[in-house]
Amino acid sequence: MDGIVSPASVSASPAADDTVIRCLGLTRRFGALAAVDHLDLSVARGEIFALVGPDGAGKTTLIRMLCGALTPTEGTAVVVGADVARDPEAVKARIGYMPQRFSLYGDLSVMENLQLYGDIYGVGRTAFREQAARLLTDFRLDAFTGRPAQQLSGGMKQKLALACTLIHAPDALFLDEPTTGVDPVSRRQFWRYLYSLNRDGITIFVSTPYMDEAERASRVGLMNRGRLIASNDPGALKASMQGEILEIIAEPKAAAKQALRGHALVRSLEVFGDRLHVLVDSADRAEPELRRALLSGGVQVQSMRRAVPSLEDVFVSRLARVV
Ligand SMILES: Nc1ncnc2c1ncn2[C@@H]1O[C@H](COP(=O)(O)OP(=O)(O)O)[C@@H](O)[C@H]1O
Ligand SMILES: [Mg+2]
């Protein structure tokens, strides 16, 4: 097969098939550890796929393999029509990759940073001029082209990093925790840009520790210990949750947590501001028992009600089952 597929037909294949990412049994080991463990996944053109999961789940390792930056140990991944192991350069040419620690050159100006990435990707002069002008306008960086990157605000650095990854007009964008440590206002703005890129036809694969961001994706994948343990649109994931959530407001909170943590009916406990979210098999059955336990722990219950699960609840419940 390999010998028959010419480079031209490889690059043409995504048009015939709307799958932008397809992994089969994708695995990466580091010594004895399977950081990514026989992972199957398909992402279609036009999706915004959010990857969430605890630290060490394998998100970065997966993204690096999909971007042709790390060779799989086993299994295959075809991204934008090219095999990541056999033809990583073809993958790199047609995707944008913003690693977890994206490096801008601090002493270079905004325009010089863009130029540098344009050169790395071999963007021609005319194409560079057009794309740079468009990105600078879209990201409202056009007034700062001469400013050294190190003198930009955090939000602006983020936008410049995104612009650099887009300079070669890629079909798909891979972002590894692009908004970690960015303030909430800039995070929202960053997502507005992602949406607008997506409307322009760019497929987006993004890892994030923030559930509110995952809620905005067309599909969410939960990764744990190298495996994808759930993958669906946010609404369907919530509908599929096993167990029920009791939302409790009680004082003092520390005593409430203590009384609930060890309770036989409590499968997990999460704190959301002043509310406690308790995962139980049956809210009706648990409520009177938990009230009793809280009272005897000296806790005053202000309210206890069944809550619509959040995406965070779904993940906590899924992780509670596999750990
Ligand atoms: N280059 C490496 N060498 C050895 N172990 C690694 C390497 N990269 C990642 N790992 C391990 O693989 C696991 C997954 O890491 P990573 O993909 O960075 O997870 P995440 O991005 O979800 O936090 C972790 O246990 C990590 O320590
Ligand atoms: Mg990571």
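Observations on the model:
- Each DSSP beta bridge with both residues in the chain is either parallel or antiparallel, and the antiparallel ones are about 70%.
- GNM on the chain, alpha-carbon springs under 10 angstrom: the most fluctuating residue among 297, 226, 273 is 273.
- The spacing between region 278-318 and region 32-49, judged by their C-alpha centroids, is 34 Å.
- The chain: C-alpha pair distances exceeding 30 Å, %: 44
- Bins of 5 Å, starting at 0 and running to the largest distance - Cα pair percent for region 242-322: 3, 17, 32, 27, 15, 5, 1
- Only Lys, Arg (+1) and Asp, Glu (-1) charged, at Cβ; the chain dipole about Cα centre in debye: 500
- Global form of region 179-226, assessed from the alpha-carbon gyration tensor, a/c cut-off 1.5: oblate
- The spacing between region 137-199 and region 80-100, judged by their C-alpha centroids, is 21 Å.
- Report note on the peptides 82-90, 156-164: ranked by the mean count of other C-beta atoms within 10 Å, highest first, their order is 156-164, 82-90.
- Among 208, 299, 110 - extreme Cα towards positive end, dipole of the chain, charges at beta-carbon: 299
- Which listed pairs, of 59/253; 59/157; 157/257; 157/238; 92/238, have C-alpha distances above 29 Å, in listed order: 59/253; 157/257; 157/238; 92/238
- Nitroxide proxy distance, nm - points 7 Å out along Cα→Cβ at residue 239 and residue 107: 5.8
Bear in mind these aren't lab numbers, they're just calculated from the coordinates by the rules spelled out. Since the structure is predicted, the reported quantities are computational estimates derived from the model, not experimental observations. Here the Cβ is made from the backbone with ideal geometry for all residues, glycine too, and neighbour counts use every protein chain on show.
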